[in-house]
Amino acid sequence: MNIQIEPSWKEHLAPEFEKPYFRQLTEEVRREYSTNTCYPPGSLIFNAFNLTPFDQVKVVIIGQDPYHEPGQAHGLSFSVQDGVLFPPSLQNIFKEIEQDLGTPVPPTGNLTRWAEQGVLLLNATLTVRAHRANSHSSLGWQQFTDAAIRALASQRQHLVYMLWGGYARSKGYMIPKDSNLVLESVHPSPLSANRGGWFGQHQFSRCNDYLKQNGIEPIQW
């Protein structure tokens, strides 16, 4: 893996790189990539960090692990590469944005444009073996990504955290709710969303209203 980590994140996460768990994690991920098909491509494992520097983060959207089918994952939670059919969860995200803000469903599911505006699209686990969801969830990634969330929670204010589903909501204890906006809902997957609690929550307009109230440029969803 030829991984380059954005300098501001490298500075804030520097202690993690020296810990035994991270060295073991690196070895196991290298082994997985050398013996199995894994996603995303090695150069994109830290894509979320590279596209959204620490001091430019406005919104945090937490996913669980990367898509595990060919051509989908590129290091951003819920995002797929250009030309790939929208996964069901992403379809529901775009439907809710259209209902909330009137923004038409875009032609691509590539959310790089969000990341470049300050939306940290962070998967708790950054890699996965092909065709096997959550196959890398026990490697140690969550300790690393939790450290990233804690760094933001302790050093940044007036961020919007979008916690979708039970797994993402379980990260909420790390976030000071008096100095940030935490928006919780069910997961946008059809199984959860169709039961209620996803559509009609107006999370995206609420997010932008909060940012504007704090003098921060809103997101063009």
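The values are calculated or read from the model by the stated rules, or taken from the named source; none is laboratory data. Model, not experiment: these values are computed from the prediction. Neighbour counts run over all protein chains shown; Cβ positions are idealised from the backbone, glycine included. These area figures cover heavy atoms from the full protein model, side chains too; ligands, DNA and RNA do not enter into them. Shrake-Rupley method; radii C 1.70, N 1.55, O 1.52, S 1.80 Å.
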Query - Selection from the range 188-202 of residues that are open to solvent by 20 Å² or more (accessible area, probe 1.4 Å) and either assigned to a helix (DSSP H, G or I) or in contact with a strand residue (DSSP E or B) (Cβ under 6 Å, 6 or more places away or on another chain) (or both) - result: 190, 191, 192, 197, 201
Requested in this report: From (1) in a helix (DSSP H, G or I); (2) out of contact with any Asp or Glu (no Cβ under 6 Å at 6 or more places or on another chain); (3) under 24 Å from residue 109 (Cβ atoms), pick out the condition that doesn't hold for residue 212.
Outcome: (3)
Query raised in the report: Among the listed residues 185, 205, which satisfies the condition of being of a type in the set (Gly, Ala, Ser), modelled with pLDDT of 95 or more and touching a strand residue (DSSP E or B) at 6+ places or on another chain (Cβ under 7 Å)?
Result: 185
Query raised in the report: Quick check: anything in the range 155-165 outside any strand (DSSP E or B) and free of Cβ contacts under 8 Å to residues at least 12 places away in the same chain?
Result: no
Report summary line: Over the range 77-125, the set of residues closer than 23 Å to residue 205 by Cβ, open to solvent by 70 Å² or more (accessible area, probe 1.4 Å), assigned to a loop (DSSP other than H, G, I, E, B) and free of Cβ contacts under 8 Å to residues at least 40 places away in the same chain is 104, 107
Query raised in the report: Looking at the range 27-44, which of its residues are of a type outside the set (Gly, Ala, Ser) and without any contact (Cβ under 8 Å) to a residue 24 or more places away in the chain?
Result: 27, 31, 35
